[in-house]
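Engineer: Got a structure for you, questions after.
The values are calculated or read from the model by the stated rules, or taken from the named source; none is laboratory data. Fair warning: this is a prediction, and the values are worked out from it, not measured in the lab. Neighbour counts run over all protein chains shown; Cβ positions are idealised from the backbone, glycine included. In case anyone asks, the SASA skips ligands and DNA or RNA and just uses the protein heavy atoms, side chains included. Shrake-Rupley method; radii C 1.70, N 1.55, O 1.52, S 1.80 Å.
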Amino acid sequence: MTKLAMFATLVALTPLAGFAETTPGSHFIENWDLDGNGDVSLEEITERRGDVFAMFDQDDNNYLNAKEYVLFDETRAADMENNAAGHGNGGGRMQQGLTLEFNDIDADGEVSKEEFISKSGAWMAQIDRDGDGVITAADFGPQGN
């Protein structure tokens, strides 16, 4: 099974809470809250970003090249479309932190695993609207533009 197929299976099998369709940020929290306590810490972001990177690094060379990033972008776009109600206003900030432009620190057109992981704190800061050090549904609410 390819990494992409494993990712698709994981996403399809992720249980969705009943409030997911109407609570802003619920889709993010469900997928990134690894310990199930209702919020997402920097440690969880860092761990999950490593998992996400590994899923899309098809040739296991510790770099996401242009072709792999296109697949990553397409998968994220489909996720946004399929789970729009569960993202809320913070969805745009969330997506920006996963782009090639955000993560390609040395601007060489590809993203190393080190670059991707090192951007975890900056990405969290973008999403953590209230600056409390964790990401909760409140960070995706109506004023989260």
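Engineer: Run the quick spin-label model on Asn62 and Asp132: label points 7 Å from Cα toward the beta carbon, then report their separation in nm to one decimal.
Structural biologist: 3.8 nm
Engineer: Another question, then. Considering only protein heavy atoms, what is the solvent-accessible area of Val70 at a probe of 1.4 Å, reported in Å² to the nearest 10?
Structural biologist: Roll a 1.4 Å probe over it and Val70 shows about 80 Å².
Engineer: For the range 36-43, take each phi angle, set θ = phi - 60°, evaluate the Karplus expression 6.51 cos²θ - 1.76 cosθ + 1.60, and give the result in whole Hz per residue in order, putting x for glycine and proline.
Structural biologist: x, 8, x, 9, 10, 8, 4, 4
Engineer: Amide H of Ser112 versus every other amide H placed in the peptide plane: which residues, excluding those fewer than 5 positions away on the same chain, fall under 5 Å?
Structural biologist: Those qualifying (amide H under 5 Å, at least 5 residues apart or on another chain) are Leu64.
Engineer: What distance in nm separates the simple spin-label points at Arg76 and Lys113, each placed 7 Å from Cα in the Cβ direction?
Structural biologist: For the pair Arg76/Lys113, the computed spacing is 2.0 nm.
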